[in-house]
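In what follows, a structure is listed as structure tokens, so that the remarks can point back to it.
The values are calculated or read from the model by the stated rules, or taken from the named source; none is laboratory data. Keep in mind that this is a model prediction, so the values were computed, not measured. Cβ: placed from backbone, ideal geometry, glycine included. Neighbour counts: every protein chain shown. Surface areas here come from the heavy atoms of the whole protein model, side chains and all, with no ligands, DNA or RNA. Shrake-Rupley method; radii C 1.70, N 1.55, O 1.52, S 1.80 Å.
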Amino acid sequence: MGDKAQTHPGAAGRAQAADHPQSVRNVVLVGHSGSGKTTLVEALALTAGAVNRAGRVEDGGTVSDYDDIEHRQQRSVQLSLVPVEWDGIKVNLLDTPGYADFVGELRAGLRAADAALFVVSASDGVDGSTRMVWEECAAVGMPRAIVITHLEAARSDFEEMTRTCAEAFGADDPDAVLPLYLPLHGPQAPDGHAPVTGLIGLLSQKLFDYSTGERKESEPGEDQLPLIEEARNRLIEGIISESEDETLMDRYLGGEPVDVGTLIEDLERAVARGVFFPVLAAAPAAEGSRQGLGTVELLELVTRGFPTPLEHETVRVTTIDGKPRELKPCDPDAPLVAEVVKTSSDPYVGRLSLIRLFSGTLRADQTVHVSGHGLADRGHEDHDVDERIGALSTPFGKQQRPVSHVIAGDLACVAKLGRAETGDTLSAKDDPLLMEPWQMPDPLLPLAIQAHSKPDEDKLSQGLARLVAEDPTMRLEQNQDTHQVVLWCLGEAHADVALERLRSRYGVQVDVVPHKVSLRETFASKSAGRGRHVKQSGGHGQFAICEIEVEPLPGGSGIEFVDKVVGGAVPRQFIPSVEKGVRAQAARGVAAGHPLIDVRVTLLDGKAHSVDSSDAAFQTAGALALREAAADAKIHLLEPVAEVSVLVGDDFVGVVMSDLSGRRGRLLGTEQTPGGRTLIRAEVPEIEIGRYAVDLRSLSHGTAHFSRRYARHEPMPPQVADRVREEVRKAS
């Protein structure tokens, strides 16, 4: 692995459709924003012959230039697929955004992949969010390797960064995180930094010189071998300790030489099993060069060490009615099961669905069954429909290359699936199946929007529907209490991209308005009111008088109406009218325009007229009586309180708890969890956590996350309530 001098130019290049799962590798690139994932993908594509010497796709466009928004924001905001071919193997490189707001795209990439490359910047190190993703991969046994980039930076230190990676990723076994190569440095620059010009293989003890822009293999000098002896011995021991041959360690410790071929085979098996995690180095090629440093070694690792889709753990599949269905892993001849891992809109071909086939074979123009993904609570409609797919293709920069079919284990793009959304299952129309959905983070940052103009209002609904169809990490809410349209996002950058896509892709201009929480009102004490509605203006008049008493009830009681009229003071047919008027006024509010709850309204007395009394008159009288009772009573504003659970590293527990207290939070308890983290539970008013998704990320340096659920409404402190009432008064 990584020790062959041949770069296989004849077999490398632009990958199309695979002919067998054995010849596919699906690899997701993971790392923080700015770690160099997209640059690495471009370097790998250049080395594999998928792009020309200028770093551009041979058919036009650049490898990573998929979205104008990415170009404007100068960062990746979505999952991208770049398929290349190396040594007869199709490698699907899944480039993921590194910014936390786009973790949904990362999760989609993890779902579609069979192995992961963790990209770490030599100048920036390993951040907390990357560690968390590593732990997620470890939990499911996903094979991983580490690529150290930015070796050209003045402060870069490969050896030190390798130790950092062993500490961050090898908590259980640091000897399972070891380099396969050591960098070779060229002449020292005036600033004291010696650039990396090549690599030396620890197993093969061969030099790979990239200084000319082409990889050249040679034998090391006698003075260079001692420099790698310690690292080489440690690597050999690390490989042998994971070997399935239990006698190998004893033979090695006994002084018996171990064949390099045997070590490479054991290394490849250990990597594929997810028990050994090699560290490599990579750097982009200089302008006009063909190969970036370490790219050949990395492609050999991917094709020879990473598992095939046949080794992917079978995802749980059921029939539409929920009955388990057993399928042979990754069999092209088995029933069709594919999943939409990404949905996007192309200005030329319309909606494009990136799919991963887990079973069967999909052919162009085939009719498939589309099964919805159960995200109705996020504004996504469940659906089970048959659709005829359009063309099948494999992406190549901004272009799509048509393919006739796609087999199990491969990825491809499907055109014109009008109803399919991210997370949906595609299956045979006569054998509909449903895959277990992958876990998605809850969007916890509210973005209240309204159409900028009447033409925008006409297009807003359709634009929002398309937006959430593409991104299951967004939730669309039509709040019936506040009458706001709320788009729930993962963070500010996520919200910015949503607004930009609405504008540029769907032609909808919106205005962002302050988000409102659903407040309530209630009576703080018992009160009475008299509603008198008497009018005479020719013909039939209006006459209705009623007297009520209002008293508070415990939280969650709603509105209770009691009739205690005696002697027919209010005729029986008009008592429901009084109740209707009371409830209508309660819904409108009695103080600050928020719904009234948790009170008992008792009708005590009233008067009627034989001619002028009516249903409408008594409805009006009931509403007036409630308003008069409120005018003579103290009204509490009730605010929603959420139960918040924050999972945070132990280093940040104090600052997070202090911040929660500053938000009027009440601590419910803490609990230690594995991995040096603490779960903090607290009750916090929702009005105080509107931007908590953003603030918590800042407080914890991106290492904490939280969940929330509605607990109850409770009285708002007087000073806060006065401020809210003043805001209502100014607005009116």
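Within segment 256-263, can one find any residue that is open to solvent by less than 20 Å² (accessible area, probe 1.4 Å), within 28 Å of residue 48 (Cβ to Cβ) and either among the hydroxyl-bearing types (Ser, Thr, Tyr) or touching a helix residue (DSSP H, G or I) at 6+ places or on another chain (Cβ under 9 Å) (or both)?
yes
Of the numbered conditions (1) among the β-branched types (Val, Ile, Thr); (2) modelled with pLDDT of 85 or more; (3) farther than 26 Å from residue 129 by Cβ, residue 41 fails exactly one; give the number of that condition.
Every condition holds for residue 41 apart from (3).
I'm checking my understanding of the structure. Among residues of segment 695-706 that are within 14 Å of residue 677 (Cβ to Cβ) and open to solvent by 30 Å² or more (accessible area, probe 1.4 Å), which one is nearest to the chain's Cα centre (by Cα)?
Checking each candidate, the answer is 705.
Answer with yes or no whether residue 458 is more than 30 Å from residue 137 (Cβ to Cβ), surrounded by fewer than 15 Cβ atoms within 10 Å (Cβ to Cβ) and either at pLDDT 95 or above or in contact with a Phe, Trp or Tyr (Cβ under 6 Å, 6 or more places away or on another chain) (or both).
Here the answer is no, as residue 458 does not meet what is asked.
Checking the conditions here, which among 429, 416 is over 20 Å from residue 325 (Cα atoms), surrounded by fewer than 24 Cβ atoms within 10 Å (Cβ to Cβ) and modelled with pLDDT under 95?
Testing whether each residue is over 20 Å from residue 325 (Cα atoms), surrounded by fewer than 24 Cβ atoms within 10 Å (Cβ to Cβ) and modelled with pLDDT under 95 leaves just 416.
Please find, within segment 301-317, the residue that is nearest to residue 181 (Cα to Cα) out of those that are among the charged types (D, E, K, R) and surrounded by fewer than 20 Cβ atoms within 10 Å (Cβ to Cβ).
311
Inside segment 293-321, can you point out the residues that are touching a strand residue (DSSP E or B) at 6+ places or on another chain (Cβ under 8 Å) and either of a type in the set (Gly, Ala, Ser) or part of a loop (DSSP other than H, G, I, E, B) (or both)?
293, 294, 305, 306, 307, 308, 312, 314, 315, 316, 320
Could you grab me the full set of residues in segment 273-292 that are of a type in the set (A, V, I, L, M), in contact with a strand residue (DSSP E or B) (Cβ under 8 Å, 6 or more places away or on another chain) and open to solvent by 10 Å² or more (accessible area, probe 1.4 Å)?
283
Is there a residue in segment 675-691 that is in a helix (DSSP H, G or I), touching a residue at least 60 places away in the same chain (Cβ under 8 Å) and not charged (D, E, K, R)?
For segment 675-691, residues in a helix (DSSP H, G or I), touching a residue at least 60 places away in the same chain (Cβ under 8 Å) and not charged (D, E, K, R): present.
Have a look at 508, 565 and point out the one that is crowded, with 19+ Cβ neighbours inside 10 Å and within 30 Å of residue 604 (Cα to Cα).
Within the list 508, 565, the selection yields 565.
Looking only at segment 90-119, filter to residues that are β-branched (Val, Ile, Thr) and at pLDDT 95 or above; which one of those is farthest from residue 409 (Cα to Cα)?
Only one residue tops the list, namely 119.
I'm told residue 644 meets every condition in (1) closer than 30 Å to residue 716 by Cα; (2) open to solvent by 10 Å² or more (accessible area, probe 1.4 Å) except one. Can you identify the failing condition by its number?
That leaves (2) as the condition not met.
Exactly one of these conditions fails for residue 320: (1) over 30 Å from residue 505 (Cα atoms); (2) open to solvent by 10 Å² or more (accessible area, probe 1.4 Å); (3) at pLDDT 90 or above; (4) among the β-branched types (Val, Ile, Thr). Give me its number.
Single failed check for residue 320: (3).
Could you say which residue among 565, 599 is farther than 15 Å from residue 546 by Cα and not basic (Lys, Arg)?
Unique residue meeting the criteria: 599.
Output the strands (runs of 3 or more DSSP E) that fall wholly within segment 445-510 and possess 2 or more residues being of a type in the set (A, V, I, L, M, F, W, C), free of Cβ contacts under 8 Å to residues at least 60 places away in the same chain and farther than 21 Å from residue 105 by Cα, or say none.
Where strands (runs of 3 or more DSSP E) fall fully within segment 445-510 and carry at least 2 residues being of a type in the set (A, V, I, L, M, F, W, C), free of Cβ contacts under 8 Å to residues at least 60 places away in the same chain and farther than 21 Å from residue 105 by Cα, they are 484-489.
In segment 602-614, how many are of a type outside the set (Ser, Thr, Tyr) and either under 54 Å from the mean Cα position of the chain (by Cα) or assigned to a strand (DSSP E or B) (or both)?
Residues meeting the conditions: 5.
Just to verify a result, which residue in segment 652-681, among those that are open to solvent by 50 Å² or more (accessible area, probe 1.4 Å) and among the aliphatic types (A, V, I, L, M), is farthest from residue 692 (Cα to Cα)?
668
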